[in-house]
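A.B. asks: For reference, the structure I am asking about is given below.
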Amino acid sequence: VFCCCSPSASRLDGLFFQRCSSGCIPTMARAVVVNAAQLASYSQSKQALLDSGYFGDDILCHFCASMISGLVTTAASMPVDIVKTRIQNMRMIDGKPEYKNGLEVLVRVVGREGFFSLWKGFTPYYARLGPHTVLTFIFLEQMNRLYKTHVLDR
């Protein structure tokens, strides 16, 4: 009979928790990189487009700035995503984890597969992240516009 307070249950809980939480830190690191890259590159690219004189502060400018932001975010986050995925999928070898930390993952990937393997799958990643970034920032700009006109009466 299996009891939740038996020693075998606590061992299973420990393994379950360890396995489920093995990718928490890399997932948080990826989230930081994605958000920082998206926000910073959108603001910078929008300002650069406005300063060029070819764009007004309209939906076309927001679309182009969002696509640029998606491109920058993809380039910045793919290496972190590779680390996250490898850590989440790592095996135990002779009772020890395959990797010690994210830096070891990066060193091994670059050593075995080459530097540019960190961006393997760039096109499908961008095909997923680009539209997400466009929708996010176009909605943000439209909400800001509505807020300014209806709440602040500008």
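A.B. asks: Given the Cα-Cα distance of Leu135 and Ser117 and 0.36 nm per residue of separation, how much length would full extension add, in nm?
C.D. replies: That pair, Leu135 and Ser117, stretches by 3.6 nm at full extension.
A.B. asks: Also, I was wondering about something else. What lysines does Lys46 reach when the alpha-carbon gap must be under 21 Å and sequence neighbours fewer than 8 apart in one chain are set aside?
C.D. replies: Hits, sequence-local ones excluded: Lys148.
A.B. asks: What is the spread of the Cα atoms of the stretch 71-154 along each of their three principal axes, largest first, in whole Å?
C.D. replies: Per principal axis, max minus min of the Cα coordinates gives 66, 26, 17 Å.
A.B. asks: Tell me the carbon and sulfur percent of the accessible area for the stretch 44-114, rounded to whole percent, probe radius 1.4 Å.
C.D. replies: 60 percent
A.B. asks: List the lysines whose Cα lies under 30 Å from the Cα of Lys96, skipping any in the same chain that are fewer than 8 positions away.
C.D. replies: Straight-distance partners of Lys96: Lys84, Lys120.
The values are calculated or read from the model by the stated rules, or taken from the named source; none is laboratory data. Just so we're clear, the structure is a prediction, and the values are computed from it rather than from any experiment. To get the accessible areas, we keep the full protein, side chains included, count just its heavy atoms, and leave off ligands, DNA and RNA. Shrake-Rupley method; radii C 1.70, N 1.55, O 1.52, S 1.80 Å.
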